[in-house]
Amino acid sequence: MRLSEIFCDAQGNLLRDGEFDIFGILTTHAQGKKVFSYINDKRFQEELANGDLSCIVCTKELLENLPGHIKGVIISENPGETFWQIHSRQKVIKFPTLIGNNCKISEKAYIAKENVIIGDNAIIEEFVSVKECTKIGDNCVIRAGSVVGGEGFQLQIGSGQAYSVVKHLGNVLIGDNVELQQSVCVDKALFSWDSTVIGDGTKVDNLAHIGHAVKIGRNCRITAGVIFAGSVVTQDNVWFGINASIRNNITIEKNANISMGSVVTKRVEKDKKVSGNFAIDHNAFIENIKHSVT
């Protein structure tokens with residue numbers, strides 16, 4: 001795809017044409033695919049070294065700092081606004097919704113008529129909403145009030161200093177034998193090539209929030225009130241205690257244990273248990289409590 005093919009009517013000026021394969025952020029690496037992105041601030045100039053970037057929206061002031069591998073350039077006073085305008089005009093390919101065998105779906109549930117695949121033996125209770133671009137595996141249970149495939153929370157400030165929510169074009173992929181209890185929200189990914197993923201056998205308790213592009217592994221146990229910000233990666237067999245909060249863009253390795261109420265702000269290594277706000281090694285957290293009491 002070329003910038004000249006998708007740029008029409010967006011704010012800004014096309015300075016140099018260029019080819020790209022996918023939309024993304026500055027740090028997007030997509031196995032050699034060419035990425036179209038934007039930069040608003042010189043504080044993020046180091047990210048321009050990403051060799052997968054081939055096209056960019058930027059201000060005039062940032063032109064001189066663009067590396068040679070970035071061929072296509074759009075100049076804009078508000079690069080983010082221009083980029084997300086172009087992003088939102090992409091077309092999603094449509095297909096009729098497919099529902100497997102032996103499914104029990106409440107008459108009071110909403111299943112989008114297009115772009116949904118539901119596997120065999122699903123149980124979907126009343127007031128569940130399954131939106132477009134969602135795939136649910138076999139033997140899954142979605143309890144009352146849950147929303148799967150909802151819009152995520154990505155904000156862009158416009159030229160009038162008003163915030164708007166960016167359109168989400170990605171997917172939700174739920175594996176086999178997954179259960180979502182009451183009032184769980186699972187947002188779809190931001191970009192059309194990306195997905196929010198819940199792995200086989202994972203169980204999610206009431207009122208959990210799973211943000212856009214989160215990747216949850218197999219057999220994780222997520223208790224009530226857990227919050228995942230966008231693009232978290234959780235490997236297999238992780239335990240999340242009640243009301244834990246996980247910041248965006250971090251990885252939690254397999255067999256980790258996140259204690260109740262933890263606020264996790266950095267990578268958690270394999271087999272580690274963390275506690276506290278901000279979360280640290282559990283044993284260190286207990287020792288700190290002992291010393292504070294004495």
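Nearest 10 degrees is fine. How inclined is helix 79-88 to the longest principal axis of the chain, computing both from alpha carbons? Long axis of 79-88 versus the principal axis of the chain: about 70 degrees. Amide H contacts for ILE216 (H built 1.01 Å from N in the peptide plane; partners 5 or more residues away or on another chain; cut-off under 5 Å): VAL197, ILE198, GLY199, THR234.
Lys and Arg at +1, Asp and Glu at -1: add these up for the other residues within a Cβ distance under 13 Å of THR196 and post the number. Neighbourhood net charge equals +1.
Per residue, region 86-219 exposes 47 Å² of solvent-accessible protein surface, assessed with a 1.4 angstrom probe and all protein chains in place. Full extension of the chain between THR265 and ILE242 gives 6.6 nm of extra length, using 0.36 nm per residue less the Cα-Cα distance. Couplings 3J(HN,Hα) for region 160-173, derived from phi with the Karplus relation 6.51 cos²θ - 1.76 cosθ + 1.60 (θ = phi - 60°), are x, 6, 9, 7, 9, 8, 6, 5, 9, 10, x, 10, 10, 10 Hz, where x marks Gly and Pro. For region 19-32, the Karplus equation 6.51 cos²θ - 1.76 cosθ + 1.60, evaluated at θ = phi - 60°, returns couplings of 9, 8, 9, 9, 7, x, 8, 4, 9, 5, 10, 10, 6, x Hz by residue, with Gly and Pro reported as x. From the alpha carbon centroid of region 148-203 to that of region 61-89 is 25 Å. Projecting label points 7 angstrom from Cα along Cα→Cβ for MET1 and LYS33 puts them 1.0 nm apart.
Residues whose amide H comes within less than 5 Å of that of ILE118, counting only those at least five positions distant or on another chain, are LEU98, ILE99, GLY100, ILE136 (H built at 1.01 Å from N in the peptide plane). Amide hydrogen proximity for GLN154: with H placed 1.01 Å from N in the peptide plane, the residues at 5 or more positions away or on another chain lying under 5 Å are VAL166.
The modelled label-to-label distance for the pair GLU132/GLU61, using points 7 Å beyond Cα in the direction of Cβ, is 3.9 nm. For a straight C-alpha distance cut-off of 27 angstrom, the lysines reachable from LYS71 (same-chain residues fewer than eight places away being disregarded) are LYS33, LYS34, LYS42, LYS60, LYS91, LYS167. Using 0.36 nm per residue and subtracting the Cα-Cα separation, the extra length available between ASP17 and GLU47 on full extension is 8.7 nm. Karplus-derived 3J(HN,Hα) values for region 184-192, using 6.51 cos²θ - 1.76 cosθ + 1.60 with θ = phi - 60°, are 8, 10, 10, 7, 6, 5, 6, 9, 5 Hz; glycine and proline are entered as x.
What's the angle, to the nearest 10 degrees (0 to 90), between helix 282-293's Cα axis and the longest principal axis of the chain? Around 70 degrees separate the two axes.
The values are calculated or read from the model by the stated rules, or taken from the named source; none is laboratory data. Source: prediction; values computed, not measured. Here the Cβ is made from the backbone with ideal geometry for all residues, glycine too, and neighbour counts use every protein chain on show. Just the protein is used for accessible areas: all its heavy atoms, side chains included, with ligands, DNA and RNA removed. Shrake-Rupley method; radii C 1.70, N 1.55, O 1.52, S 1.80 Å.
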